[in-house]
């Protein structure tokens, strides 16, 4: 099992460009998440999807959109990148069985730089 | 609202010294608490959770409801323990974890 995979690993954008970060999991998990990690700020939730077909905003959703394409895949889109979006982005998944507080499984991260 | 505080951004110790990474939380109910670790160039992974009451890689953490704390401890630090550590809380029927801001542990030889 690959667990949670993310593409690309690195990306450099110019201000105003758009891009989509891809995430997939092969653990048959219901819930998926997107976080950004910034020095001194820890992990901040951008969007999450509790189950296939649903998405909800997290703590810092502005400037981002998401799509839960199917149970396996959860993509994050930056429509018009800004330097403030320079960060490391992590996708995560959890069983989300609604019966217990499940651990999260994380992808390897995408390091994004916006010039 | 639930909140997790890790008061130290950086903790620097020498090999063989005891380590305590602090985590305090604010939550009115019965929380479920986790410690995640991120080694250099690796993904975040679960280190331990309070309900399992395990010792992982020599680390332990005890939930102290009176002090609302879940500090991570290890009696003798090793260089390979150098990493970023995050405390996280879940509770109240919400399956969205609240993470602290993380503590970077550096263990010097």
20 Å reach of a label modelled at residue A:69, 7 Å along Cα-to-Cβ, counting backbone N of segment A:47-62: A:47-56
Springs between alpha-carbon pairs under 10 angstrom, Gaussian network model over chain A: which of A:83, A:39, A:61 fluctuates most? A:39
Peptide-level mean, for B:95-104, of C-beta atoms on other protein chains within 10 Å: 6
Have a look at chain A and give its Rg and Dmax from the Cα atoms, expressed in angstrom. 13.4, 44
Can you run the Rg to Rh ratio on segment A:60-106? Use alpha carbon positions and the Kirkwood inverse-distance Rh. 1.04
Scale the Cα Rg of segment B:51-109 by the rule-of-thumb value 2.2 N^0.38 Å and send over the ratio, two decimals. 1.28
Paramagnetic label zone (point 7 Å from Cα along Cα-to-C-beta, residue A:54; backbone N under 16 Å) in segment A:75-115: A:94-102
Cα-only Rg/Rh for the protein assembly as shown with Kirkwood Rh rounds to 0.97
Per q in 0.16, 0.21, 0.23 1/Å, what log10 I(q)/I(0) does a Debye calculation on the alpha-carbon atoms of chain B return? -0.66, -1.11, -1.31
Expected sort for A:34, B:35 with the fewest Cβ neighbours (10 Å cutoff) up front is B:35, A:34
What's the average, rounded to a whole number, of partner chain beta-carbon atoms within 10 Å of each residue's beta-carbon in A:70-82? 0
GNM result for chain A, Cα springs below 10 Å: residue of A:16, A:58, A:42 fluctuating most strongly: A:42
Arrange A:90, B:76, A:74, B:99 by Cβ neighbour counts within 10 Å, fewest through most, would you? B:76, B:99, A:90, A:74
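How do B:108, B:50, A:29, B:71 rank when sorted from fewest to most other Cβ atoms within 10 Å of their own Cβ?
So the residues, fewest neighbours to most, are B:108, B:50, B:71, A:29.
No value in this document is a laboratory result; all are computed from the given coordinates. Remember, it's a predicted structure, so these values are computed and weren't measured experimentally. Positions of Cβ are generated from backbone atoms using ideal geometry, with glycine treated the same way; all protein chains shown enter the neighbour counts.
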